[in-house]
Each structure stands twice: as structure tokens, then as C-alpha cells.
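The values are calculated or read from the model by the stated rules, or taken from the named source; none is laboratory data. Source: prediction; values computed, not measured. Cβ coordinates were reconstructed from backbone atoms using ideal geometry, including for glycine residues, and neighbour counts include every protein chain displayed. Side chains are part of the model used for accessible areas, which takes the heavy atoms of the whole protein and leaves out ligands, DNA and RNA. Shrake-Rupley method; radii C 1.70, N 1.55, O 1.52, S 1.80 Å.
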There are 2 protein chains.
Amino acid sequence: MSPVFIQQARCGNARAGLLHTKHGVVETPVFMPVGTQATVKSLASGDLEALDAPIILANTYHLAMRPGSGLVRSLGGLHSFMSWPRAILTDSGGYQVFSHKGRRKIDDDGVTFQSHVDGSRQRLTPESAMAIQADLGSDIAMAFDECPPSDAPVKDLRRAMSRTTAWAKRCVETQPAPGQLRFGIVQGAIDLDLRREHLAEIAPLPFDGMALGGLSVGEPPATMHAVVREIAPLMPEDRPRYLMGVGTPTDLLVAIAAGMDMFDCVMPTRSARNGRLFVRGGHINIANAVHGKDPAPVEEGCGCEACRRYSRAYLAHLFRVKEILYYRLATLHNLHHYLTLVRGARQAIIENRLPAYLAERGVAG
Amino acid sequence: MSPVFIQQARCGNARAGLLHTKHGVVETPVFMPVGTQATVKSLASGDLEALDAPIILANTYHLAMRPGSGLVRSLGGLHSFMSWPRAILTDSGGYQVFSHKGRRKIDDDGVTFQSHVDGSRQRLTPESAMAIQADLGSDIAMAFDECPPSDAPVKDLRRAMSRTTAWAKRCVETQPAPGQLRFGIVQGAIDLDLRREHLAEIAPLPFDGMALGGLSVGEPPATMHAVVREIAPLMPEDRPRYLMGVGTPTDLLVAIAAGMDMFDCVMPTRSARNGRLFVRGGHINIANAVHGKDPAPVEEGCGCEACRRYSRAYLAHLFRVKEILYYRLATLHNLHHYLTLVRGARQAIIENRLPAYLAERGVAG
């Protein structure tokens, strides 16, 4: 069996690699657009192909609620359902469930919660979370973990860590879909000792990759960066390293420099819908009156469909009158920005010039 | 100067022709997708190119309100603003203004109304409606007309007709944009005598094309069909004939058989967004539970992006969870259906087999 992950180049702690999945090879570092309900909001699968995204993320919790994982399975799995021929990573559903404050009850076996759709009583366990992901047929399934608030007392953090470890062991005992990879998740909030301790528990388990969970959940960016800089280099070298739910362009560059390989975040897609469009060195807010008369594209030289064909003035008009087309064009632009940024970092690693790449973007690696 | 309209073939009263505009030749009969606010809702200009739409409609009233015709002009006109290299027809704004019941006051010079955006007092006259269209730089500008309710008393209809005639004469005296064509509008509701009378007033004016207005505004389809069958053949042969705001697939086929050349309607686009998807011989409602598990496309053999890549089950999921992608896929399908239907009718006219084409679709021409 060929290895899941091949490291191709290093530059400091940063790595460029190849992640082999059932649906193609993913060049890392990589940013994964978020397709919560089996669609990256406003985009068709053809749009994502045109953006050259090799892998996207889908949310187990949302798909389990609607349309249901059994239905997706009966229609040939998530790839077939959403007509996406490339790789898919599914989260375990845990994060969504634990974000339902007051509407969920955790025990050592799993978690009981209310559906956000119809209020019905639902339950997720390590076994059922993995079974749902097997039904969906994703290329990478995430272990079912407990993600406590980052400011929780240490005893709560420790209890969540030990539950996550116990659940991780149960996850690897389940039957994956054919060819499905599985990643473990390291918790421990922003406490470096807890992070090291939990990493030591998760790393020996037979996961194909390793993730840092529970970051970018409200702590200051500098704190998160410090955790990633410290922990990333300690994670197994021979497996892909995934920083969950992160982040801003700066966050990505810092984490890449620290040795992380994979990222997902709703920021580019959600910000786009709210009018925030990323440009080199920052962003613009398309709602600002100054853009309403501007014939220039969002970013000169950008190769996305929005910038190739339309002006800021046109996007500002569409945004103001709430036309559906705005959401797609803005999403295409922001994802193009993120994917290009991360591909550029990969190339810089391969060419051993990542520090310069970061410095040009005002980031201290 | 080459003629604006060339008749290529006839089949009974039906015609196939070529309409020459500043932005390309339009093969007729033709259906024009409606792009009210400088976008066909949910679609990019590239989508419309992929659908092979040679001409779209934009609404003068909406664009005058937002973003304003002066701004569009300063950005190079509507084609440049919305990145659409093919033909555009603009309506005159009259229809939208007259639909504002109780918020508008008509006099012989024009109409005063309140903006639907900010309630501000606005005025449109034949001269200003044409000036706005000249600013927008559309390929075809419509005369500013008065469109009364179809059940208005005859004296109101007559007053609207004489105003429309007086306004038409003022419209042709204004300065168009370079190369801009202008079409006159025949009113008269569903009264055949009034229609003939008004046609006799409008036809002698130096318009490049002739439209029937005030139909499909609430009267029974059979009544509308009777008016079109009677009046279309009386309209000038050497100019394109445009049936405004019509209609269902059956309406289009009946009107094509009667000799009409151009059509616009929000039906395919608006219905799409409401879940109604056209298929040969009728439509489906994607919200019906039966589609939720159906792996088949909306229509077998349909060449649109929605049918080439996605199942009814996927579209039903997107519709149910209100994902933005649904609106684009559904709109692509319905416009593909309409455009294909009308292109098929054109081909049938050229091949002198239109009656069979209609009969196959259950329509008596």
C-alpha cells in the first residue's frame, strides 16, 4: 500500500506534500472550501473545478439532518449527490453539536441534542458519527471529538480530552467506507501542556492524519498562533496535519510556516456574502459608497470570474439590490484569493523562499 | 443602410428572420430572458452566453432608480456595466410605473410617481424615458406608452391609446444612442377594433419594430391568443414584431404561429425560483416529496448544466434548505427549456413543418 502522505519539500518547519485520496491527489498546503449542505454556498461543482480546488469540506451534522445520510448513500454517496469528482473531507458533527449550548447533553458514550431543523431528539456517538461519514462516502472522515470552550476550566478541558481520546479509540474500531481515510483530533485549548499531553495520546492511534481542533474559537489570534507554532512541529511528520476552522489569510500563512498542511474556514465564503472581499494586504467592503462608481475590478490582475469580467461598481450595485449573482461572484473572488494564497505558499516552500513570501504579505512566520 | 429585419422563411403566418442590432444578429423567433436590475436573476453573463441567448431585456425603471442611468452611462453603458457583449432591449419604464396603483398620477405630458426604493417623487415623460434608454445604450429602446388594465372602460382605453400615440410621436423625435433601434407599442387591450385602430396610428411612425403591449395582464389565455392571431398578421411585414411580457410555452408557440417574432417574460426565471421546472409537456414542482429521492435529472436528455450534472434529488435538497445554488441551476434549466423551445420553432418554420412541431407539443396553432 502506498503511503497516504508524501512530503516533497521543506522550508523551515513548513512542508509541501502530496495527500493521496480515493478521489485524487491533493497538493499541500491546501485550503478546503466549506460546503456545509453539500454545496459551497452559491457555487456549483463546476465553479469549484474552475477554481482548481482539489478538496472541499462537508458537514456531517447538517447532512445527517437534511437530506439524511441514508438518502445520500442510496444516491451513490456525497460525490455523486453533489456531482463532485474530487476529494471530500467530512467533519464528525461534533463541533456543530457542541456549539448548541443548552440544547445538548454529553455523557461518556456520546451526545444527545435537538435538531436545529425540527427540534427532534437526536444522538451522536463515535460509532454513529463514523457510520454517517461512511454512508456519505467522504475521502477523509474526522474522529468524533468533544470541543469545549477555550476558556473552560482545566478540569473540563481534561475531561473533554479524555473523552476525545476514548472516543478516538472507538472511532478507529469502526468500519470505514472503502478507501476512506480517518484523521484524529488533538484538543487541549490554548494550554500548551494539555496540547502536548493530548497529542501524545492521539498520535499513537492508527489515524491517517492528525488535526488540531478547538482553535480559532474566540481566543486572540496571537495566542492561537503561539499554540500552532509550538504544537505543529511536534505532530507526526509522516502524516498530514490539519488545522480545523482556521482562518484569516495571516492565520494560514503563520500555520503553514509552523508546519500545518490543511485548512478549512467559512471566512472567505461567509465574508463574501457579507460584502467583505479580500485583496492583497487586506480587504474592501463592497458596501462602501466609494466602490459604487469604480470601474476597476475588485483586484487588478486577479484571474477570478468576478475580476475578469466585472467592476467594483457592478458588484456594489448587485450587493445593494441583493441580487443573487452577487453572492456567487463574491464567493468566487474570495475563494480564488484563498486558494491562490495557499498555492503560492506551497510553491514558495518548494522553492525554499517561504520567509520572503510571508514578509511580502506582512506576516512574520 | 442595410435593413434592420430580414425575413428568411415563412410557414403559414409564422416567420423566421434576422434582426440586426449593434451587438449582433438576432435570429427570430427569439425569447429574451429578463434581466431587470442588469442581471438575469442568479445568472452571470457567461451563463447567458453558454445558453446561447442572443438578446436579453433590462428594465429602464429599475435601472433609473438604482444605480441610475447616469452612472451606467459613465461606466460605458449597460453592456459594459453588466459585461454582456450581445444585444439588449430596454423597456420604457412605463409598465412598471403604471403598475404602481395609487402611487402615480398621469397627465398628458407624462407620469409622476413615487420611487419604490425611497419613496421619492419621480417623473417620466416620453422624452426622459428615451433619454434614460439612450444613457443605458440599449440596442432596442421601447417607446413610452400608457398600459391601462385590460378590463378598463372603453373610454379609458381610448384615452390611453391616444396618449400612447401622442407620446410615440414625441419618442421618435428624441435623439437615440448611436445605432439604437426604437420600437413602437400598440395598445387596445382585448378589443380587436381598438387594436386595429391603434395599430393604424402606430404603424406609420418611423419605428424599427412594432410591439403588442397590454396583453397577458390578467385576461384568459384564449382571449389573448385570439387577439394575437387576429392582430399579428396585420402588423408591418418588414419589421420585427414583439409580444411584450408573454408567456407560457403554449402562449409562445401560438404567437409564433400567428407571426410574432420576439418575446420576453419573467415566467421561466421567476417560476424557477419558486420551484417550478419546465419539462416537455408541462412542469414539475421540485418541492414535491416524490422528487426528493429521484436520481434522475429534471429532464432526461436536457443539455443544461442542471440536467447534465445533477439529480432531481439534489435540486430538491438545495431548494428545501434554500441554498443559493438552487436558484442558478433552476434558472439555467428553465431558460434552456424556453430558448430551446423557441429555437426549435424557428427551425420548424425554416423547414416548413411548424404545425407538426406545435402538434407534437399539444398546441393548436
* Asked: Which condition does B:Val290 not pass, out of (1) over 20 Å from the mean Cα position of the chain (by Cα); (2) outside any helix (DSSP H, G or I); (3) of a type in the set (A, V, I, L, M), if it passes all the others?
  -> (2)
* Asked: For the range B:175-219, how many residues are at pLDDT 95 or above, polar (S, T, N, Q) and touching a Cys at 6+ places or on another chain (Cβ under 8 Å)?
  -> 1
* **Residue under evaluation A:Glu146, criteria (1) surrounded by 16 or more Cβ atoms within 10 Å (Cβ to Cβ); (2) in a helix (DSSP H, G or I); (3) among the charged types (D, E, K, R), criterion not met** => (2)
* Asked: Of everything in the range A:106-129 that's open to solvent by 50 Å² or more (accessible area, probe 1.4 Å) and part of a strand (DSSP E or B), which residue is nearest to A:Ala141 (Cα to Cα)?
  -> A:Arg123
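Quick test for you: out of B:Gly247, B:Gly213, pick the one residue that is more than 30 Å from A:Leu43 (Cβ to Cβ), touching an Asp or Glu at 6+ places or on another chain (Cβ under 9 Å) and more than 14 Å from every other protein chain (Cβ to nearest Cβ). Spell out the reasoning first.
Working: B:Gly247 fails: touching an Asp or Glu at 6+ places or on another chain (Cβ under 9 Å).
Every option except B:Gly213 fails the conditions.
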* To do: Those residues that are out of contact with any strand residue (DSSP E or B) (no Cβ under 6 Å at 6 or more places or on another chain), among the aliphatic types (A, V, I, L, M) and within 24 Å of A:Gly188 (Cβ to Cβ), I need them from the range A:98-129; list them, please.
  => A:Ile106, A:Ala129
* Among (1) at the interface with another protein chain (Cβ under 9 Å from one of its Cβ atoms); (2) in contact with a helix residue (DSSP H, G or I) (Cβ under 6 Å, 6 or more places away or on another chain); (3) open to solvent by 10 Å² or more (accessible area, probe 1.4 Å), which single condition is A:Pro297 missing? -> (1)
* For the range B:14-72, which residues satisfy the criterion of being within 17 Å of B:Arg86 (Cβ to Cβ), within 12 Å of chain A (Cβ to nearest Cβ) and small (Gly, Ala, Ser)? -> B:Gly35, B:Ala38, B:Ala44, B:Ser45, B:Gly46, B:Ala50
* Asked: If only one of B:Ile132, B:Ile88 is closer than 17 Å to B:Pro176 by Cβ and open to solvent by less than 20 Å² (accessible area, probe 1.4 Å), which one is it?
  -> B:Ile88
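Only one of A:Ala258, A:Ala348 is more than 23 Å from A:Ile56 (Cβ to Cβ), surrounded by 15 or more Cβ atoms within 10 Å (Cβ to Cβ) and in contact with a His (Cβ under 9 Å, 6 or more places away or on another chain). Can you tell me which? Quick ask: steps written out before the conclusion?
Values: A:Ala348 fails: in contact with a His (Cβ under 9 Å, 6 or more places away or on another chain).
Answer to the check: A:Ala258.
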* Asked: Can we say B:Leu315 is crowded, with 20+ Cβ neighbours inside 10 Å, under 24 Å from the mean Cα position of the chain (by Cα), within 14 Å of chain A (Cβ to nearest Cβ) and farther than 30 Å from B:Gly17 by Cα?
  -> no
* Structure fact -> Exception for B:Leu325 within (1) more than 14 Å from chain A (Cβ to nearest Cβ); (2) free of Cβ contacts under 8 Å to residues at least 12 places away in the same chain; (3) buried (at least 20 other Cβ atoms within 10 Å of the Cβ) falls at (1)
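Please indicate, with yes or no, whether at least one residue in the range A:133-148 is over 21 Å from the mean Cα position of the chain (by Cα) and among the hydrophobic types (A, V, I, L, M, F, W, C).
no
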* To do: Please tell me if A:Gly214 is crowded, with 16+ Cβ neighbours inside 10 Å and either touching a residue at least 40 places away in the same chain (Cβ under 8 Å) or among the β-branched types (Val, Ile, Thr) (or both).
  => yes
* Asked: Of all the residues that make up the range A:24-37, how many are under 16 Å from A:Phe183 (Cβ atoms) and either open to solvent by 20 Å² or more (accessible area, probe 1.4 Å) or not aliphatic (A, V, I, L, M) (or both)?
  -> 2
* To do: Go through the range A:38-61 and give me each residue that's surrounded by fewer than 22 Cβ atoms within 10 Å (Cβ to Cβ) and among the polar types (S, T, N, Q).
  => A:Asn59
* Restricting to the range A:158-182, what's the tally of residues that are out of contact with any helix residue (DSSP H, G or I) (no Cβ under 6 Å at 6 or more places or on another chain) and closer than 15 Å to A:Gly214 by Cα? -> 6
* Quick one: what pairs do we get from the range A:261-284, first residue over 19 Å from A:Leu318 (Cα atoms) and at pLDDT 95 or above, second open to solvent by less than 20 Å² (accessible area, probe 1.4 Å) and of a type in the set (S, T, N, Q), C-beta under 9 Å, 6+ apart or different chains? -> A:Asp261/A:Thr28; A:Met262/A:Thr28; A:Met267/A:Asn334
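Looking at A:His79, is it within 14 Å of chain B (Cβ to nearest Cβ) and touching an Asp or Glu at 6+ places or on another chain (Cβ under 9 Å)? Give the steps one after another, and end with the answer.
Values: within 14 Å of chain B (Cβ to nearest Cβ): yes; touching an Asp or Glu at 6+ places or on another chain (Cβ under 9 Å): yes.
Yes: the conditions hold for A:His79.
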* Collect the residues in the range B:130-157 that are more than 17 Å from B:Val186 (Cα to Cα) and of a type in the set (Val, Ile, Thr), keeping them in residue-number order. => B:Ile132
* **the range A:336-365 residues that are over 24 Å from A:Ala53 (Cβ atoms), paired with ones that are in a helix (DSSP H, G or I) and at pLDDT 95 or above (beta carbon under 6 Å, 6 or more apart)** => A:Gly365/A:Ala257; A:Gly365/A:Pro355; A:Gly365/A:Leu358
